[in-house]
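Here's the structure we're looking at; comments come further down.
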Amino acid sequence: MVKARKPKISEEEALVLARNYIAQQDLAGWRLEVAEAQRPSYDPSNWAVVVDRFSPEGGLVDGPEILIVNGVTGEVKTFGDHY
């Protein structure tokens, strides 16, 4: 079994990287807000950043977006692209 490593990227850095990633996206009127970062038990060497999604009309959409921040490189990917 491979031992999980603690991320080199701090929680605060992961949040900043996620916000920067969001700022670079063409959201077509949608608004994304970072809610929190966690180290998931299934992947503790990376950060899972929970992002709330708001429609162009301003309503909170059920079910957050998850961004994965690589704990070593700081690369940000969507949950679907990472796994």
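Here, each number is a calculation from the coordinates, and none is a lab measurement. None of these values were measured; they are calculated from a predicted model.
When a/c reaches 1.5 or more, the comparison of a/b and b/c decides; with that in mind, is the chain rounded, prolate or oblate per its Cα gyration tensor?
It comes out prolate by the Cα gyration axes.
On a 0 to 90 degree scale, rounded to 10, what angle separates helix 11-23 from the longest Cα axis of the chain?
40
Kindly provide the helix-only [θ] at 222 nm of the chain, computed as the sum of -39,500 (n - 2.57) over DSSP H runs of four or more divided by all residues, to the nearest 500 deg cm²/dmol?
Helices in the chain give a 222 nm mean residue ellipticity of -5500 deg cm²/dmol.
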